[in-house]
1. What's the extension gain from residue 26 to residue 2 if we count 0.36 nm per residue and subtract their Cα-Cα distance?
2. Listing 2, 124 from the residue with the fewest other Cβ atoms within 10 Å to the one with the most, what is the order?
3. Need one word for region 166-223: rounded, prolate or oblate. Basis is the Cα gyration tensor (sqrt eigenvalues a ≥ b ≥ c); a/c below 1.5 gives rounded, then a/b vs b/c decides.
4. Would you mind putting 244-250, 109-115 in packing order, based on average other-beta-carbon counts within 10 Å, highest first?
5. Quick one: Cα convex hull volume of region 216-329, Å³ per residue?
6. Where does each of 324-336, 175-187, 410-422 land if you order them by average Cβ count within 10 Å, highest first?
7. P(r) tail for the chain, what percent of Cα pairs lie past 37 Å?
8. Can you tell me what the convex hull of the Cα atoms of region 263-395 projects to on average, as an area in nm²?
Ligand code: HAX
């Protein structure tokens with residue numbers, strides 16, 4: 001691993017010096033105007049974070065180190081006989097800022113394989129939970145149990161020099177990413193397959209092995225996992241899971257603690273849990289309508305009913321995006337290639353025709369278009385992965401690649417404790433009445 005570690009360190013030193021220069025010259029320049037609405041309404045549009053791994057454009061969608069999803073599909077190495085990008089390659093790209101060669105990706109795969117052994121106490125911790133526990137709770141408990149392995153925490157206790165924080169974060173990250181597929185697959189087999197566990201296959205890539213350990217050895221399912229793990233990995237820094245990981249990490253909580261915290265955020269229905277909510281919503285619609293092939297008129301009526309009962313239409317809308325999510329489109333293309341006649345997948349496409357004009361007509365929704373979660377479940381159901389409560393765990397395994405690559409950068413660049421200013425409504429009222437100067441506090 002020293003090879004990529006050294007390469008990374010060289011890059012981090014250059015970037016660190018560059019940022020220092022930038023701040024020396026432009027540090028006091030105002031970027032953006034913060035309004036009272038922004039303060040009260042989820043800090044939308046406030047630029048207040050640096051995340052090096054990816055950047056989200058409201059119209060175009062996500063770019064990973066400058067590369068769009070269609071570009072990644074062309075440029076990242078694939079598995080032998082495969083055509084989908086290997087997520088190890090995306091991890092390398094996010095970490096190093098440059099596209100990996102086939103050898104670089106093979107190197108990362110080998111690092112992960114060598115570090116994938118999960119200690120037994122992690123399984124014991126998961127087994128201690130009732131079988132009815134939500135898979136995301138089991139997952140976070142598993143990650144927390146693995147925290148006993150943190151070299152960041154151990155080295156910090158031994159008096160680690162702050163210059164070495166990135167190095168310890170690097171070690172923890174590679175071990176954590178290596179072990180997450182095993183933890184996820186263990187939860188799946190425990191909860192849904194009578195605890196009949198499947199050993200890892202040391203010859204497989206990271207995502208292929210996840211598919212294998214879950215019990216899906218179909219070639220196209222492995223390909224789906226490679227695509228899935230790639231497109232869910234990162235969405236710049238302000239989303240709940242990325243921001244939480246960054247925030248908790250800023251207290252020098254180790255990567256296990258920071259990532260587990262972020263995944264608790266991913267488990268919320270407005271964020272990553274939306275992928276289970278979409279399929280649940282479609283299954284309920286099918287049951288109510290008594291058909292697995294609803295017409296667009298039937299779907300439209302069901303959408304209206306959802307809205308009238310004060311619920312959101314899951315899988316639609318976004319805090320930043322203002323167009324169809326390219327992660328949705330990538331999955332749609334996968335569906336067209338591998339399962340063009342699947343009824344559920346076709347229903348997802350009919351929902352895509354039906355929902356945006358209805359949401360648009362409400363006049364208040366800033367983005368009526370589908371996000372990543374609108375499509376993923378239907379592809380999984382096609383292969384028999386019908387246990388939708390598990391879907392967010394897959395999202396979480398993928399998201400580790402982005403948020404942990406970012407966390408290494410946070411430590412390499414010496415980012416400080418995050419501590420924005422908050423106000424009270426009383427202080428806001430006094431500020432409005434000209435009796436206080438809270439904004440300068
Ligand atoms: N269905 C119904 N109403 C919606 C809606 C949807 N899909 N999307 C937004 N709205 C509503 C909001 O609830 C809000 O209503 P109120 O003014 O009554 O509170 C109004 O429209 C304005 O919201 P917005 O500014 O357009 O959207 P936000 O930035 O506040 O919220 C959300 C973004 C993603 C949370 C929102 O679109 C939503 O709840 N979508 C459904 C859940 C979902 O798919 N989440 C996954 C998002 C992607 C992601 O993180 N994946 O992991």
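1. Using 0.36 nm per residue and subtracting the Cα-Cα distance, I get 5.1 nm.
2. Numbers: 2 6, 124 10.
Least crowded to most crowded, the residues run 2, 124.
3. On the way: a/c = 2.93, a/b = 1.61, b/c = 1.82.
Because a/c hits 1.5 or more and a/b fails to exceed b/c, region 166-223 counts as oblate.
4. 244-250, 109-115
5. Residue-normalised Cα hull volume stands at 155 Å³.
6. Sorting 324-336, 175-187, 410-422 by mean packing, highest first, produces 175-187, 324-336, 410-422.
7. Everything past 37 Å amounts to 26 percent.
8. Seen from a random direction, the Cα hull of region 263-395 projects 7.8 nm² on average.
Read-outs throughout are calculated quantities, based only on the coordinates presented, and are distinct from any laboratory measurement. On a predicted model such as this, the values are computed, not experimentally measured, just so you know. Backbone-built Cβ (ideal geometry, glycine too); neighbour counts: all protein chains shown.
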